[in-house]
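The values are calculated or read from the model by the stated rules, or taken from the named source; none is laboratory data. Given the structure is predicted, the values throughout are model-derived calculations rather than measurements. Note that we place each Cβ from the backbone using ideal geometry, even for glycine, and neighbour counts take in every protein chain shown.
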Amino acid sequence: MIRCIGWLTLFFILVSQLSYSQSNPFEMSGELRGEGLRPIPYTVKLWSDDQGFLYGNSWTKTETQGMIVSKLYGRLNADDSTISFREIGNEIQNEPHDSVRFCFIHVENQKIVYKNENLILNGKFKGLFSTKDLCARGELILVGKRNQFDAFLGVEDSTSQQVIELPKVNVQPSDEGPLQSGDVLKLEVSTNTLYLSIWDAFDEDYDLVRITLNEVLVEDSVAIFNKRKKMSLELTEGVNLLRIEALNEGVTPPNTMNAIIAEGTVHEHEIVTKLRKGQFVELLLYLVDD
């Protein structure tokens with residue numbers, strides 16, 4: 001999570017337990033280092049499910065911006081021992097900032113290497129603004145204990161440790177009814193360009209929603225009618241975060257919306273949202289090779 005423009009070296013130390021369980025996160029703490037810059041304290045905390053999807057938070061504190069907590073999403077590939085994650089949006093910041101000019105860390109396919117009793121991840125990272133422009137890049141090094149990573153993979157039981165608790169998300173399968181406040185839906189897609197169609201399958205009652213992709217506004221205060229409205233979504237490499245927020249509850253609460261996310265003519269993913277004013281749902285769109 002770089003907070004300035006430049007070329008940096010990112011250094012982490014893995015310090016706590018790893019687990020596939022949603023209730024047992026793993027935590028990485030260390031600092032950001034760069035030429036001419038003071039070290040910046042940095043911590044990453046992630047949860048995982050049994051499919052290797054990662055989600056959680058990163059947090060850091062700088063002299064100019066204070067404490068910042070960002071959302072993290074990613075994936076662990078146990079078959080080739082690689083891990084990917086990226087920051088998408090901020091949940092907490094002490095000082096206001098321009099989210100369009102905020103530099104978010106992206107880590108893609110970092111190889112996991114064992115050396116004696118240690119676990120080492122060594123590779124490259126890049127920082128991107130929400131506009132997809134490059135703002136930083138450098139070397140990534142993570143060091144941890146091999147037995148802790150084995151526990152994360154379920155090889156052996158991990159040792160309980162006290163950790164800082166951050167809010168967790170409810171990761172929802174697509175076949176369990178309407179998405180409601182706080183739900184996160186995971187979808188794997190194979191094309192950079194998706195098409196989102198939204199409509200009201202019931203009586204038109206002037207429901208309004210706001211739609212963002214990776215913190216960038218797609219539609220603001222768009223009304224939902226029986227006639228479908230179609231828009232395109234351009235994805236970046238790795239994981240992308242689509243958020244749908246209810247701006248009102250129409251004439252007949254709650255705010256309900258039907259939607260289809262289409263990968264051209266190949267695949268379609270249909271969802272329904274059911275929200276109160278101010279509530280939102282999120283979709284994690286993982287861009288993978290077909």
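Values as computed for the structure displayed
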{"item": "Residue within the stretch 125-139 that is at pLDDT below 70 and either over 22 Å from ARG33 (Cβ atoms) or out of contact with any strand residue (DSSP E or B) (no Cβ under 8 Å at 6 or more places or on another chain) (or both) present", "result": "no"}
{"item": "Filtered residue count, the stretch 206-217, keeping only those that are assigned to a strand (DSSP E or B) and in contact (Cβ under 8 Å) with a residue 24 or more places away in the chain", "result": "7"}
{"item": "Residue in the stretch 222-238 that is in a strand (DSSP E or B) and under 18 Å from the mean Cα position of the chain (by Cα) present", "result": "yes"}
